[in-house]
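Everything on this sheet refers to the single structure shown next.
The values are calculated or read from the model by the stated rules, or taken from the named source; none is laboratory data. Computed from a prediction, not measured in an experiment: that's the story for all the values here. Ideal geometry is used to build each Cβ from the backbone, glycine not excepted, and the neighbour counts take in all protein chains shown. Heavy atoms of the whole protein, side chains included, go into the accessibility calculation; ligands, DNA and RNA do not. Shrake-Rupley method; radii C 1.70, N 1.55, O 1.52, S 1.80 Å.
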Amino acid sequence: MSVHLSEEEQLEVLKRWWKDYGKTVVIAVVVAVVGYFGYTTWQDQKRQKAEQASEMYEQLLKLAVTEPGKSLSASDKATISHLAGELKDANNKSMYAHSAAFFLAKLAVEDNRLDDAVTELKWVLSAKPDAATEQLARLRLARVLTAQKAYDDALAQLSPEPAAAFTAEYAEARGDILKLQGDLDAARTAYEKALTAANPQQQERYMLLQMKVNDLKVDATVPAAAAAEEKAQ
């Protein structure tokens, strides 16, 4: 007996196979083709959106980044607000959206619209950004809340320990708040931490921190009794 199928037998096997599995194969092929073209279309749309976001952000930067001493016109501010709103609406998880919100917060502070600045910075935090963006948003929010004299809320924003890159700024911000609250010892400790973490090569900032520390240092040459008497008066 031959181990090979005749042409008729092969044809019959093929017919039976097609009857049993033909529709499944066709459906699988159709799904695969649709899936492929759907994926490529999605990728194209994603790339187009990214390119559009990049172009809008470049326009925003050109308007928002000004020379020292130069202020933005009302028209420029309106355009920046429009572009920032478009970026935020397009994708609240993107770097462009978060940066746009930071620009809106900056404009709001400059115009003394502190509530609006708080709203923008809280929007960034609500978007669950990466760690560095979150820490920057918390720092800026703490400063705005400090300007509103919401000291406890400001300190709460600074309570999570930041990455090393933000240690000096967080500690300085805490020191500023504690000083305003009258807790001078804690403020001095915070300033000393900021000074330790600061980069000495950034001379202007380093000197400012040193001045803040020096302003709160107790004069060791004053006798304790005299200091107590002076405090009582």
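The table below lists the values:
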read-out: Region 110-229: C-alpha gyration tensor shape, a/c 1.5 cut-off, then a/b vs b/c; value: prolate
read-out: Accessible surface of Tyr151 - all protein chains present, 1.4 Å probe, nearest 10 Å²; value: 50 Å²
read-out: P(r) tail fraction, region 159-199 - alpha-carbon pairs more than 16 Å apart, %; value: 27 percent
read-out: Burial order of peptide ranges 110-119, 196-205 (average beta-carbon count within 10 Å, highest first); value: 110-119, 196-205
